[in-house]
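These notes concern the structure reproduced below.
The values are calculated or read from the model by the stated rules, or taken from the named source; none is laboratory data. Computed from a predicted model, the values in this text were never measured in an experiment. Cβ sites come from the backbone with ideal geometry, for glycine too, and all protein chains shown count toward neighbours.
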């Protein structure tokens, strides 16, 4: 997978709301933001990687259905991390209690974890 990093420091710093608007205005691109505020553009995966990621998500979903303790998210879901980065892991899981503590607005945007 190829990534491109754009440093906007000399022009602006994107806050969470601005970053969300950039993502919404460019639905064909997959963006992430580093803890330093740099914009990262992710390329699509190839077939082998996509197949492995699908298997990984399926395993998490099966395990989660049996455990009934959390929520599974795919690679399109971005989360805000304590260091300010907004990233989209290949697969993620959050305890149900932690997810339920978030407001609807926090769930609709980049949930802070």
Tally time: how many residues in segment 24-53 are surrounded by 14 or more Cβ atoms within 10 Å (Cβ to Cβ) and within 21 Å of residue 72 (Cβ to Cβ)? 5
Which residues, taken from segment 1-48, are in a strand (DSSP E or B) and either under 17 Å from the mean Cα position of the chain (by Cα) or closer than 17 Å to residue 111 by Cα (or both)? 3, 4, 5, 30, 31, 32, 33, 39, 40, 41, 42
Quick one: count up the residues across segment 43-61 that are touching a strand residue (DSSP E or B) at 6+ places or on another chain (Cβ under 8 Å) and modelled with pLDDT of 90 or more. 3
Residue hits (segment 54-79; closer than 22 Å to residue 23 by Cα and out of contact with any helix residue (DSSP H, G or I) (no Cβ under 7 Å at 6 or more places or on another chain)) are 73, 76, 77, 78, 79
